[in-house]
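Participant: What follows is a single structure, and I will ask about it in a moment.
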Amino acid sequence: MFGYIVQRILAAVPVMGFVALFVFLMLRLTPGDPAAIIAGDTATPEQLQRIREALGLNDPLHIQFITWIGNLFQGDFGTSVISGKPVIELIAARMEPTISLALTTIILSVLIAVPLGVIAAWKHGTLIDRFVMLISVLGFSVPVFVIGYLMISLFSMQLNWFPVQGFRPIGEGLGQFLHRIALPTFTLTLLYIALIARITRTSMLEILGDDYIRTARAKGLPERLVLMRHALRNCSVPIITVIGIGFALIISGVVVTESVFNLPGLGRLTVDAVLARDYPVIQAVILLASLIYVVINLLIDIAYVLLDPRIRYS
């Protein structure tokens, strides 16, 4: 098992290297000049040249890449060309809203979606199963921003239950934190309930027809134990996989939700950086998202090893 995990870690190294190279070249080869954005429309050629020299934009691409990678290994993600602040400080200041939204969404989605998927598989072909599938189809079909605006219209503007936008750190009080994060969480939860419930139902249907499930029922075990202890446990790998991938997707793809609810998270930071062509910030955010994907996939592999004895004892 330890050797398998080490192999997975080593396999992630070239992936991150390729991502770093791709991001660097993609940003450098697209049209636009960050020096012109910083200097403004009235800048003289001499001013543009000085800014480009200060940012190292006049160096050859391979020199810029080597310098950037060397700084990364030293924990230096560069300085924002717009705000002049270290990129690591900008990211750290935006992490709490995004992580909070991801955690609350995944926790609520799992608590609702897994039981729904189990019940749908257990009642396969009935109205309950069709209702769960209807929820899944709606969750996949309706865009997130539409759900967000409907939530704001109903719960904020008409019922006045939740604020329209904004974020309160958990350090300022759990009640205020939950009150502000509730609507964004509900908006994303509808999507991930659809995803997790569908995977849970499909995985359970494949397991419920196996011989050991029929044997457990023949022994007189309660249906609850058959479903939860035998069936759900043995189909947990694909469910854990989709939960982990969903968590990574939320962290790296909350641009729309954070924009709708005006949350000061990584999504808003990414949008602002792209519009301003702030190379260091864009590179750092994309690398962070890639690292999260790699780490979560590694954790999924570890969970797979722990749940599958064929790999654990190989």
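Participant: Candidates (1) 0.96; (2) 1.06; (3) 0.99; which is the computed Rg/Rh (Cα atoms, Kirkwood Rh)?
Facilitator: (2)
Participant: With a 1.4 Å probe and every protein chain left in place, work out the accessible area per residue of the chain in Å², rounded to a whole number. Could the numbers behind the result be given before it?
Facilitator: Details: 17020 Å² over 314 residues.
Dividing the accessible area of the chain by its residue count gives 54 Å².
Participant: What is the sum of charges around LEU221, taking Lys and Arg as +1, Asp and Glu as -1, for the other residues whose C-beta is under 15 Å from the C-beta of LEU221?
Facilitator: Details: positive: ARG214, ARG217, LYS219, ARG224, ARG229, ARG233; negative: ASP210, ASP211, GLU223.
Net charge around LEU221: +3.
Participant: Ordered by residue, what ³J(HN,Hα) values in Hz, to whole numbers, does the range 74-90 give under the Karplus form 6.51 cos²θ - 1.76 cosθ + 1.60, where θ = phi - 60° and Gly and Pro are x?
Facilitator: 8, x, 9, 8, x, 10, 4, 6, 9, 8, x, 8, x, 4, 4, 6, 5
Participant: Now, a different point. Please check: in the Gaussian network model of the chain (C-alpha springs, under 10 Å), which one of ILE69, ILE250, ILE239 has the largest mean-square fluctuation.
Facilitator: In the Gaussian network model the winner is ILE69.
Participant: Another question, then. Using protein chains only and a probe of 1.4 angstrom, how many square angstrom of HIS124 are accessible, to the nearest 10?
Facilitator: 110
Participant: Ok, one more. Can you give the longest stretch of the chain with no exposed loop site, where a site means trypsin sites (Lys or Arg not before Pro) in a DSSP loop (not H, G, I, E or B) with at most 15 other C-beta atoms within 10 Å?
Facilitator: Working: sites that count: LYS123, LYS219.
That would be 1-122.
Participant: Using a 1.4 Å probe on the protein heavy atoms only, what accessible surface does VAL164 show? Give it in Å² to the nearest 10.
Facilitator: It works out to around 60 Å².
Participant: Once the piece of chain linking SER141 and ARG8 is laid out straight, how much longer is it, given 0.36 nm per residue of separation minus the C-alpha distance between them?
Facilitator: Numbers: separation 133, 0.36 × 133 = 47.88 nm, distance 3.50 nm.
Gain on extension, SER141 to ARG8, equals 44.4 nm.
Participant: Continuing with this model, one more query. So, R0 is 41 Å and r is the distance between the beta-carbons of HIS62 and GLN165; what FRET efficiency does that work out to, to 0.05?
Facilitator: On the way: r = 44 Å, r/R0 = 1.08.
After rounding to 0.05, the efficiency reads 0.40.
Participant: If you don't mind, another one. Please calculate the 1.4 Å probe accessible area of MET133, with all protein chains present, and give it to the nearest 10 Å².
Facilitator: Accessible area, nearest 10 Å²: 30 Å².
Participant: Can I ask one more? Leaving out ligands, DNA and RNA, what percent of the accessible area of the range 186-314 is carbon and sulfur, probe 1.4 Å? Before the final figure, lay out the partial values.
Facilitator: On the way: 3830 of 5920 Å².
Carbon and sulfur: 65 percent of the exposed surface of the range 186-314.
The values are calculated or read from the model by the stated rules, or taken from the named source; none is laboratory data. None of the values given here were measured: they were computed from a predicted structure. Cβ sites come from the backbone with ideal geometry, for glycine too, and all protein chains shown count toward neighbours. Protein only, heavy atoms only, side chains kept; ligands, DNA and RNA dropped before computing areas. Shrake-Rupley method; radii C 1.70, N 1.55, O 1.52, S 1.80 Å.
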